[in-house]
Amino acid sequence: MPKKSDPFTIDLFDDDIEINPNRIKLAEDAVVLRGYASAIAVDLIKSLDSILAHSPLRQMQTPNGYPMSVRTASCGALGWVSDAQGYRYERKDPLSKQSWPPMPQNFIELANNAAKEAGFNDFTPDSCLINGYLAGAKMSLHQDKNERDFSAPIVSVSLGLPAFFLFGGNARSERPQRHRLEHGDVVVWGGSSRMKFHGIEPLIDGIHQLLGRQRINLTFRKVI
Ligand code: MD6
Ligand code: FE
């Protein structure tokens, strides 16, 4: 039965309306948490520096043999790899020939808390993909489908320069929404949105006070 609405009070718990401006609902089970990571960004970047000292960002090749415009690395038990053999997750970094650096505690806690904030309890990521964008780098519309466990959400953290994020539908042909993601913004999606097409427009050059002329994106997944 529809709720009777009293015109003199705002129903703060009406979940059809987003009243909190720091929370942008993209679709069912997909939300942008604006500035969610801002307060801990300096710590995240410190952790990131030690990860990248062992497993640096590098340009991977697509299965078709083209270099990706984004540079990637990973931390956690599994790392995302792309080469002539295809897209997949590997336990070892093909560059260092060692295990990927472990996922730092501040990364794990951020991913777990953000997932909870978005309604996904007990998210324990086993992989964090690190994408580095310089001016012009982009990510074409794609689905994240190399993970075995689609029941877990994905948590995506933006650091450094802002970028325009494209959030589409379940078919590539659906016209995507376009949202500007800023330093500290976190996107969480899962459930019915887990297979949505999404991408990043070519990065516009600029200078960020913590990261300089780049954008870094961390995406946390549960692969197995
Ligand atoms: C990026 N992100 O923001 C690219 N995938 O640089 C992604 O491809 C992505 O943000 C799955 C879930 C969230 C994401
Ligand atoms: Fe993705």
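The values are calculated or read from the model by the stated rules, or taken from the named source; none is laboratory data. The structure displayed is predicted, hence computed values, not measured ones. Heads up, the Cβs are rebuilt from the backbone with ideal geometry, glycines too, and the neighbour counts pull from every protein chain shown. Ligands, DNA and RNA are excluded from the accessible area calculation, which covers all protein heavy atoms including side chains. Shrake-Rupley method; radii C 1.70, N 1.55, O 1.52, S 1.80 Å.
Things to note:
- Within segment 34-48, considering residues that are in a helix (DSSP H, G or I) and out of contact with any helix residue (DSSP H, G or I) (no Cβ under 7 Å at 6 or more places or on another chain), the one nearest to residue 103 (Cα to Cα): 48
- Screening segment 141-163 for residues that are polar (S, T, N, Q) and either more than 16 Å from ligand 2 (Cβ to nearest atom) or open to solvent by 10 Å² or more (accessible area, probe 1.4 Å) (or both) and picking the one that is modelled with the highest pLDDT gives 156.
- Members of segment 198-224 found to be more than 10 Å from ligand 1 (Cβ to nearest atom) and under 17 Å from the mean Cα position of the chain (by Cα), listed by number: 201, 202, 214, 222, 223
- Options 69, 127, 99: the member that is within 13 Å of residue 222 (Cα to Cα), out of contact with any helix residue (DSSP H, G or I) (no Cβ under 8 Å at 6 or more places or on another chain), among the polar types (S, T, N, Q) and modelled with pLDDT of 95 or more: 127
- Only listed residue being touching a residue at least 40 places away in the same chain (Cβ under 8 Å), open to solvent by 30 Å² or more (accessible area, probe 1.4 Å), closer than 19 Å to residue 40 by Cα and more than 16 Å from ligand 2 (Cβ to nearest atom), chosen from 106, 112: 106
- Residue 223 fulfils the conditions (1) open to solvent by 20 Å² or more (accessible area, probe 1.4 Å); (2) in contact with a Leu (Cβ under 8 Å, 6 or more places away or on another chain); (3) not in a strand (DSSP E or B) except for a single criterion, (1).
- Scoring residue 216 on the criteria (1) within 14 Å of ligand 2 (Cβ to nearest atom); (2) open to solvent by less than 10 Å² (accessible area, probe 1.4 Å) leaves a single failure, condition (1).
- Leading residue by the ranking (nearest to residue 89 (Cα to Cα)) among those in segment 127-140 that are within 15 Å of ligand 2 (Cβ to nearest atom) and aliphatic (A, V, I, L, M): 129
- The single condition from (1) open to solvent by 60 Å² or more (accessible area, probe 1.4 Å); (2) free of Cβ contacts under 8 Å to residues at least 40 places away in the same chain; (3) within 26 Å of residue 27 (Cα to Cα) that residue 166 fails is (1).
- Selection within segment 140-162: residues that are within 13 Å of the chain's Cα centre (by Cα) and under 17 Å from residue 182 (Cβ atoms). The member of this set that is farthest from ligand 1 (Cβ to nearest atom) is 159.
- Listed by first and then second residue, the pairs linking a residue in segment 56-81 that is outside any strand (DSSP E or B) to a residue that is of a type in the set (Val, Ile, Thr), with Cβ atoms under 6 Å apart and 6 or more places separating them unless they lie on different chains, are 78/223.
- Taking the numbered list (1) in contact (Cβ under 8 Å) with a residue 12 or more places away in the chain; (2) closer than 19 Å to residue 186 by Cβ in turn, residue 121 passes all entries but (1).
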